[in-house]
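Asker: Got a structure for you, written out below as structure tokens; questions coming shortly.
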Amino acid sequence: MQSSYYSHVIRIVLGIVALAVLGFIGKTVLTPKSFGTYGHYRADAIEEEANIEIRHWTNAPCFACHAYEANLHLYGTHKTISCEFCHGPYADHVTNGKKTGVLPVKKGEDMKILCLRCHNKAIQARPEAVIKTVTMPEHLKDQKVKLTHTCNQCHHVHAPLKYINRDKQIVGMQGDS
Amino acid sequence: MNELHEGARFLIANYIFPNDLHVHWSMMIVLYPYLSGLVDGAFIVAALYYVFGVKSLKPIARFSLIFALAFMFCIALPLLLHLGRPERNINMLLTPSPSSAMAGFGYIYSIAMGLLALIILFIYRPTLVGKVEQSKGYMRLFYRMLTFDSTNLSPEALELDRKIIKFLVAIGIPVATILHGYVGFIFGGVKANPTWSSPLMPVIFLFSACVSGIAGIILAYIAIRTYRRSAIDVNCLKILIHTLSGFFILAFCFEMLEVFSHHYLKSGFHHMVEGLLNGPLYYSFWEWQVGFCSITPLFLLGWLVIFKIKDQLYIILSGVVSFLLLLQVLFMRWNVVIGGQLMSKSARGYTVFHPEWFDKEGIIAVIVVMAIPFFLLFILSKIFPLWVEEEKN
Amino acid sequence: MDNTKPTIDKERRVFIKKVLEGTIAGSLLLVLPMNAGGEKIPEQVAGIRDGEYDLTDHDFAFIVDITRCIGCGSCCVADKKEFDVPDGHYRTWVERYLKDFDGNVYVDSPNGGLDGYHNPRTDIDVNVRDTFFVPKLCNMCKEPPCVQVCPVGATFRTPDGFVLVDHKRCVGCAYCIQACPYSVRFLHPVTKTAQKCTWCYHRVRKGLLPACVNVCPTSARKFGDLKDKTSEVYKILQGPGVFSVLKSDMGTWPALYYKGA
């Protein structure tokens with residue numbers, strides 16, 4: 001028995017409707033539940049971002065154990081420097097209250113490069129009011145020290161002016177830098 | 001902070017933002033508008049016959065539709081190769097963002113594909129019904145599915161089919177327009193990129209798409225018929241060339257208008273675009289896209305349209321012009337997509353692009369993706385005869 | 001006494017002193033299990049930790065003071081370490097600007113300022129009229145073009161004003177990267193999804209400052225809630241001072257303000 005002259009059109013229309021219904025069901029099932037709560041996005045992503053591991057813990061936890069350095073640091077001119085900038089993030093050192101790693105301590109030439117990252121006068125864009133800068137090796141010449149000296153031979157890294165000021169007091173100069 | 005454009009004119013030192021070094025939209029994104037443009041242009045040719053009744057185009061009307069279908073099957077491929085996470089592509093259908101031009105891809109493509117498939121199935125229904133009767137086994141089942149299990153070819157059925165075909169092709173025109181127009185808007189809607197953000201962008205894309213599609217049909221027609229040693233209908237060719245000329249003149253004018261307005265307006269961003277075209281893109285834009293592939297075809301088309309030429313020469317020249325215009329559109333896509341990303345958002349410098357050979361978006365991949373539609377065209381020609389006279393057997 | 005002292009805010013000094021005084025209590029931090037929630041760290045952004053966090057009741061702002069940036073790159077280092085940012089990509093970076101007497105501007109950013117700036121520019125030979133550093137990071141636009149173009153809703157603006165990326169949804173199409181006028185986004189080479197600075201949302205939600213703000217030695221970066229009238233940013237934005245935003249003609253309405261530009 002042959003189909004009527006319009007059966008193929010009916011079948012096509014039914015096929016399209018079936019596809020649309022299946023598609024709609026699929027869309028409802030596969031779209032994540034929290035999608036659309038606040039806008040066109042998955043609201044759960046907000047909390048997922050909020051729960052990322054924190055790796056830098058600020059200076060407070062460092063001071064909790066390293067009281068000697070804390071004492072020097074907080075009363076010196078480097079009080080605004082983050083421990084974690086020179087030494088690395090806290091998360092590399094302590095996990096769940098236990099020490100899990102050793103943080104690096106720069107020495108020698110590496111230390112000089114680290115100090116000069118901020119204090120190099122050769123880079124002109126460093127206003128005097130914000131930070132004191134010097135050029136090397138001119139600074140060593142001005143201070144009349146050996147040109148092989150590294151910064152920490154005169155400046156205590158955690159309190160850079162501590163020895164300088166004390167020495168000046170001893171010599172009788174004004175406690176100034 | 002508004003001195004960002006100062007000095008951009010001079011570009012004495014090149015500065016790009018650190019994140020601007022890498023060109024993110026690579027050759028696959030050049031290929032996607034190219035392929036979807038070919039679909040569009042081929043569809044326009046078919047629409048000229050089926051909706052606007054240009055009878056001289058009858059020899060290639062069906063061919064254009066099959067050509068469009070072969071390319072339509074492949075246009076998702078460059079996108080899947082480009083995506084960083086192609087396994088998540090279903091997200092485009094599940095949660096398309098209403099403000100994003102790119103989100104249109106999922107539904108627009110599905111609708112356009114479905115529409116084109118339906119048009120072809122309706123047009124070829126008599127032939128396919130014949131094949132149902134002639135085949136056995138799985139092939140018979142296959143053809144029964146393609147004919148929606150109806151072998152009714154009575155005059156009423158055919159009359160209904162004729163009306164439906166006309167209706168489908170008519171709504172196919174705006175669908176095809178949106179299918180490629182939205183691609184132009186993907187670029188035109190990016191305010192951060194001065195080469196792209198222009199209302200002219202969707203228009204330029206659409207017109208050059210039509211150019212590439214018609215040129216593609218011409219070249220494929222000549223090539224296949226020459227290979228088969230069959231006759232080429234020069235009258236049909238003439239109408240195609242005339243249509244091609246019209247679309248190309250429009251496309252070229254809009255492209256040049258865009259460049260000229262950047263040059264004339266002379267403000268910061270516009271200077272950067274000029275610097276781009278006269279600098280990193282000098283060869284690919286001025287020499288290739290404009291010089292070799294636009295000016296030369298303009299003269300060739302003028303010759304073809306104005307003067308009386310012997311048939312044999314006409315066919316050869318049509319083939320040459322079509323080839324040059326296919327190149328032109330490819331260069332245009334390259335200069336817009338990749339060229340547009342060479343300009344850093346710092347407005348102070350340009351980066352470089354190095355095409356890879358073996359990357360998933362590399363040169364080999366491009367060649368393969370370009371070859372697949374022709375392979376598909378061959379397979380489709382076994383199911384849907386390309387030429388009307390073949391069906392009379 | 002020392003003229004290197006940056007004007008550290010009173011509030012910061014107060015809480016640091018309080019912490020030191022609580023060192024004994026602090027040493028209990030060793031004994032008590034520290035969760036990754038960071039609740040044992042003193043609160044740096046006021047009001048976050050009292051009770052339930054209300055997403056709709058905050059108006060965060062970030063201020064960059066370019067008169068105070070010394071180009072040390074601490075912010076870039078902290079950011080890289082906090083998020084394990086892949087090489088060659090930058091969530092934040094510091095640019096150096098040079099202006100000559102002819103009105104030309106020269107900008108550079110060697111490795112995004114991650115290694116600091118060790119030498120003046122040797123590749124150009126001009127009389128320098130002015131030079132300064134400009135840190136760059138996500139502007140957290142109030143009308144973000146990146147959100148507008150994302151096809152799948154993988155990037156969005158939260159009710160508390162942060163523009164974030166849903167890493168489980170992103171398809172890696174890179175449209176948001178094209179759309180950002182400030183080039184703060186990049187495609188992560190391993191996960192192949194889009195990434196950018198998040199103003200350390202995970203830290204702010206625990207009442208901490210973003211990592212870059214926390215490490216900045218000269219207080220060039222400031223962060224706070226404008227709904228908190230005692231916050232630093234609220235007081236600064238009341239003026240005086242010249243404040244601007246980047247590319248204001250783009251209509252993105254950034255929440256990142258530049259002071260001194």
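Listed here are the residues, each with its yes/no results for (1) within 23 Å of the chain's Cα centre (by Cα); (2) more than 30 Å from B:M92 (Cβ to Cβ).
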{"position": "A:T28", "(1), (2)": "no, no"}
{"position": "A:Y38", "(1), (2)": "no, no"}
{"position": "A:I52", "(1), (2)": "yes, no"}
{"position": "A:S82", "(1), (2)": "yes, yes"}
{"position": "A:G88", "(1), (2)": "yes, yes"}
{"position": "A:L103", "(1), (2)": "yes, yes"}
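Asker: Can you go through B:S212, B:S198, B:S208, B:S230 and tell me which one is under 25 Å from B:A347 (Cα atoms), more than 14 Å from every other protein chain (Cβ to nearest Cβ) and among the hydroxyl-bearing types (S, T, Y)?
Answerer: B:S198
Asker: Report whether or not C:S219 is among the small types (G, A, S), part of a loop (DSSP other than H, G, I, E, B), within 9 Å of chain B (Cβ to nearest Cβ) and within 30 Å of A:G88 (Cα to Cα).
Answerer: So C:S219 does not fit the description; no.
Asker: So, in region B:168-195, exactly how many residues are more than 24 Å from A:Y5 (Cβ to Cβ) and open to solvent by 50 Å² or more (accessible area, probe 1.4 Å)?
Answerer: 5
Asker: Being open to solvent by 40 Å² or more (accessible area, probe 1.4 Å) and either in a helix (DSSP H, G or I) or away from chain C (no Cβ under 14 Å) (or both), is that true of even one residue in region B:35-46?
Answerer: Looking through region B:35-46, none of the residues is open to solvent by 40 Å² or more (accessible area, probe 1.4 Å) and either in a helix (DSSP H, G or I) or away from chain C (no Cβ under 14 Å) (or both).
Asker: Would you point out which residue out of C:K227, C:K192 is open to solvent by 10 Å² or more (accessible area, probe 1.4 Å) and either touching a residue at least 60 places away in the same chain (Cβ under 8 Å) or not in a loop (DSSP other than H, G, I, E, B) (or both)?
Answerer: The unique qualifying residue is C:K227.
Asker: Are there any helices (runs of 4 or more DSSP H) wholly within region B:74-167 with 1 or more residues that are open to solvent by less than 60 Å² (accessible area, probe 1.4 Å) and either at the interface with chain C (Cβ under 10 Å from one of its Cβ atoms) or within 23 Å of B:P33 (Cα to Cα) (or both), and if so which?
Answerer: Counting at least 1 such residues, we get B:76-82, B:91-94, B:104-123.
Asker: If you don't mind, another one. Of the numbered conditions (1) open to solvent by less than 10 Å² (accessible area, probe 1.4 Å); (2) more than 10 Å from chain B (Cβ to nearest Cβ); (3) closer than 30 Å to B:S198 by Cβ, C:A179 fails exactly one; give the number of that condition.
Answerer: Just one mismatch for C:A179, condition (2).
Asker: Also, quick follow-up: I'm told C:K206 meets every condition in (1) of a type in the set (K, R); (2) outside any loop (DSSP other than H, G, I, E, B); (3) crowded, with 19+ Cβ neighbours inside 10 Å except one. Can you identify the failing condition by its number?
Answerer: All conditions pass for C:K206, except number (2).
Asker: Anything in region C:237-256 that is charged (D, E, K, R) and either under 18 Å from the mean Cα position of the chain (by Cα) or not assigned by TED's automatic domain parsing to the domain that holds C:T67 (or both)? List them, or say none.
Answerer: C:K247
Asker: Can you pull out every residue in region C:103-121 that is in contact with an Asp or Glu (Cβ under 8 Å, 6 or more places away or on another chain) and touching a residue at least 40 places away in the same chain (Cβ under 8 Å)?
Answerer: C:G113
Asker: Within region A:129-152, take every residue that is touching a residue at least 40 places away in the same chain (Cβ under 8 Å) and under 25 Å from C:C69 (Cα atoms) and give me the one that is surrounded by the fewest Cβ atoms within 10 Å (Cβ to Cβ).
Answerer: A:N152
Asker: Looking only at residues that are more than 9 Å from chain B (Cβ to nearest Cβ) and free of Cβ contacts under 8 Å to residues at least 24 places away in the same chain in region C:131-174, which one is surrounded by the fewest Cβ atoms within 10 Å (Cβ to Cβ)?
Answerer: If we take residues in region C:131-174 being more than 9 Å from chain B (Cβ to nearest Cβ) and free of Cβ contacts under 8 Å to residues at least 24 places away in the same chain, then C:R157 is surrounded by the fewest Cβ atoms within 10 Å (Cβ to Cβ).
Asker: Answer yes if at least one residue in region A:3-26 is part of a loop (DSSP other than H, G, I, E, B) and either polar (S, T, N, Q) or within 14 Å of chain C (Cβ to nearest Cβ) (or both), and no otherwise.
Answerer: Checking region A:3-26: at least one residue is part of a loop (DSSP other than H, G, I, E, B) and either polar (S, T, N, Q) or within 14 Å of chain C (Cβ to nearest Cβ) (or both).
Asker: Do any residues in region C:195-220 that are closer than 30 Å to A:A129 by Cα and assigned by TED's automatic domain parsing to the domain that holds C:H167 have Cβ atoms under 7 Å from those of residues that are assigned to a helix (DSSP H, G or I) and aromatic (F, W, Y), where the two are at least six apart or on different chains, and which pairs are they?
Answerer: Every condition considered, the pairs that remain are C:V215/A:F85.
Asker: Still on this model: Kindly provide the set of residues from region C:47-83 that are part of a helix (DSSP H, G or I) and open to solvent by 40 Å² or more (accessible area, probe 1.4 Å), ordered by number.
Answerer: Within region C:47-83, C:K80, C:K81 qualify.
Asker: Of the residues in region B:49-73, how many are buried (at least 22 other Cβ atoms within 10 Å of the Cβ) and polar (S, T, N, Q)?
Answerer: 1
The values are calculated or read from the model by the stated rules, or taken from the named source; none is laboratory data. The structure presented is a predicted model; accordingly, all values stated were derived computationally and were not measured. Virtual Cβ from ideal backbone geometry, glycine too; neighbours counted across all protein chains shown. Surface accessibility is based on the protein's heavy atoms, side chains included, excluding ligands, DNA and RNA. Shrake-Rupley method; radii C 1.70, N 1.55, O 1.52, S 1.80 Å.
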